[in-house]
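Please read the structure below before turning to the comments.
Any read-out appearing in this document is the output of simple, stated calculations on the displayed coordinates, not a laboratory observation. Predicted, not measured: the structure shown is a model, and the values here were computed from it. Every residue, glycine as well, gets a Cβ built from its backbone with ideal geometry; the counts of neighbours run over all protein chains shown.
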Amino acid sequence: MEEVRPRWTFKGLWIALSLTVLFVLPIYPHSRRTISYQEASYNPVTLPLSVSGNKLIDSNGHVVRLTGVDKSGTEYACVQGWGIFDGPADQTTIDAMKSWGINAVRIPLNEDCWLSLNGVNPAYSGTNYQNAIGAFVNLLNQNGMVAILDLHWNAPGTQLATGQQQMADADHSVTFWSQVAQYFVQSKGVIFDLYNEPHDISWQCWRDGCLTLGGWMAAGMSQLLSAVRQAGSSAIVLMNGLDWGGDLSSWSSYVPADPLHKVVAGFHVYNFSGCNTVNCWQSTVGTVAAQVPVITGEVGANDCSSFPVSYMDWADQQGISYLAWTWDTWGSSCSSIALIASANGAPTQYGQAVETHIESLYSVSNSSPTTTTTVVVSQPSPVTTLTAPTTSTVATTVQPPGPHKVQEASTTSTTNHSAPVPTTLVPVAKLQSVTSVLLPSDAILIHTHQQRPNTELESVPSIKNSTVNSNLSANALALLATALSFMVILFVLRRMNSEMFY
């Protein structure tokens with residue numbers, strides 16, 4: 001007689017489902033899930049920041065590490081007489097930065113433009129310059145990003161600030177920081193980087209000021225810090241080391257005392273700079289980072305090598321913040337040290353490595369909820385209502401200006417600055433170890449006063465779309481495999497014909 005099999009019961013289905021969950025789903029762990037870039041990359045900060053020991057802390061008491069970029073242009077466009085920013089500085093720009101995982105932007109400043117000195121065009125200096133910078137800082141803060149304001153270009157007396165000097169100058173830099181600190185006294189999202197890259201001075205001069213070989217008085221970090229605090233600002237203050245920011249060997253011995261205990265160390269590193277090995281980082285940067293927060297205000301390479309990522313890997317292990325040079329469209333060649341090929345954030349070869357590294361930090365963090373340290377932020381309210389002049393968001397069409405910044409090792413200028421500044425003055429390679437540079441033929445910035453078309457922002461296909469689409473395909477395959485596994489388990493249980501399953 002034919003055997004009559006009993007019907008499946010709820011008990012059997014439940015056991016089959018349980019076995020599927022226990023033995024099949026672990027094949028597709030959550031750690032393999034690739035989060036869409038909008039979710040993974042945006043790493044906002046809950047402002048304001050404070051300092052606790054050797055950590056940066058947000059307003060919720062969470063440890064914060066800054067991963068950002070420099071946006072060059074505001075140190076040279078104004079003094080060259082053609083604008084304030086080099087390229088857009090608007091919400092579209094910030095959205096592109098957010099897609100990389102950026103939570104901090106360093107903005108180089110020019111003291112002559114801020115103070116409206118030495119014949120800088122009023123359209124790009126004084127109140128116009130200040131409000132343009134203020135509007136961009138305000139926009140960054142509204143998006144959960146920290147703005148680092150850096151005194152980048154300066155000059156003593158009646159010299160026009162067409163580059164940086166050995167150190168801040170006593171003639172104008174103290175007044176500069178007094179005004180900047182007062183302007184941003186209510187801002188919760190700024191860090192003051194007192195001087196870009198001190199060099200060819202002693203540590204005592206770095207702290208206290210001195211008479212330079214050029215015959216002008218340098219202002220020390222203690223004077224600049226006092227100017228900030230006397231203006232009523234409680235902002236975090238950053239002090240870069242000697243040797244173009246690459247030497248922190250005596251930083252701890254000479255750092256001036258801050259009554260608010262909110263001074264952090266600054267470090268700059270490139271493949272061609274002095275302290276560019278792990279041994280040097282461990283012995284100097286790591287030693288300081290054990291005492292106070294360290295922010296690497298500039299990291300980069302002029303050869304598209306893996307050097308920046310190697311440093312960032314090391315800094316990740318040490319909890320050190322870093323910002324890559326530079327968010328500018330200076331050309332796609334490796335020597336330009338430019339992160340982006342177009343204003344919408346499409347990376348250069350050099351920029352692609354930086355973008356991938358920063359994105360990976362927050363992709364991993366978001367895909368592991370049990371160990372994540374990502375801070376969820378409520379948007380800070382605008383500190384002040386600032387109306388930026390039209391020059392703050394007007395882009396300029398330029399030819400690739402060649403690599404990096406002005407050769408800052410030879411900026412002891414004696415030029416008669418009553419003459420107009422030529423529009424061909426441009427940022428060129430900063431090679432600290434040499435005294436002269438042979439410029440490539442394309443190292444000329446030609447300003448055409450032509451605004452970039454809005455369509456440019458849509459002209460480059462999104463690099464992330466393929467990632468999102470492949471992510472959806474992978475999830476669909478995982479669901480199909482799980483369903484098939486469930487059916488197989490049901491079939492096996494039925495063939496076993498054990499009464500415990502019916």
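Treating each Cα of the stretch 68-147 as an identical point scatterer and summing with the Debye formula, the log10 of I(q)/I(0) at q = 0.27 Å⁻¹ comes to -1.25. Distance between the pseudo-spin-label points of GLN186 and ALA123 (7 Å out from Cα toward the beta carbon): 3.1 nm. How high is the FRET efficiency between GLN282 and ASN60 when r is their beta carbon distance and R₀ equals 41 Å, given to the nearest 0.05? Step by step, r from the Cβ atoms, then E = 0.85. Only Cα sites of the stretch 204-261 enter the Debye sum here, all with the same form factor; the resulting log10 I(q)/I(0) across q = 0.13, 0.22 1/Å is -0.36, -0.94, listed in q order. The fraction of all Cα pairs in the stretch 104-235 landing in successive 5 Å bins from 0 to the largest distance is 2, 11, 21, 24, 20, 13, 6, 2, 0, given as whole percents. The local environment of SER234, defined by Cβ-Cβ distances under 11 Å, has a net charge of +2 under the rule Lys, Arg +1 and Asp, Glu -1. By the equivalent-ellipsoid construction on the alpha carbon gyration tensor, the stretch 154-292 comes out with semi-axes of 23, 20, 13 Å, ordered largest to smallest.
Report the local net charge at VAL264: Lys and Arg +1, Asp and Glu -1, summed over other residues whose C-beta lies under 11 Å from its C-beta. Provide the component values of the computation, followed by the final result.
Working: positive: LYS55, LYS262; negative: ASP193, ASP258.
Counting the neighbours of VAL264, the net charge comes to 0.
Summing +1 for each Lys or Arg and -1 for each Asp or Glu among the other residues whose beta-carbon sits under 9 angstrom from that of VAL105 gives +1. With a/c under 1.5 counting as rounded, go ahead and sort the stretch 286-332 into rounded, prolate or oblate using the C-alpha gyration tensor (a ≥ b ≥ c being the square roots of the eigenvalues; past the cut-off, prolate if a/b is larger than b/c, else oblate). Note, shape of the stretch 286-332 comes out prolate.
Ranked by Cβ crowding within 10 angstrom, fewest neighbours first, how are SER332, SER173 ordered?
Working: SER332 18, SER173 26.
If I rank by nearby Cβ atoms, fewest first, I get SER332, SER173.
Shape analysis of the stretch 164-245 places it in the prolate category; the axes a ≥ b ≥ c from the Cα gyration tensor give an a/c of at least 1.5, with a/b above b/c.
Within a 10 angstrom radius of the beta carbon, how do TRP177, TRP251 rank from fewest other beta carbons to most? All intermediate terms of the calculation are to be shown ahead of the outcome.
Values: TRP177 30, TRP251 25.
Fewest-to-most ranking of TRP177, TRP251: TRP251, TRP177.
Indicate, rounded to the nearest 5 percent, the antiparallel portion of the DSSP beta bridges found entirely in the stretch 217-351. Display every interim value, and only then the final one.
Working: 2 of 15 bridges.
Expressed as a percentage, antiparallel bridges in the stretch 217-351 total about 15.
Counting every other Cβ atom within 10 Å of each residue's Cβ, MET487, MET97 order from fewest to most as MET487, MET97.
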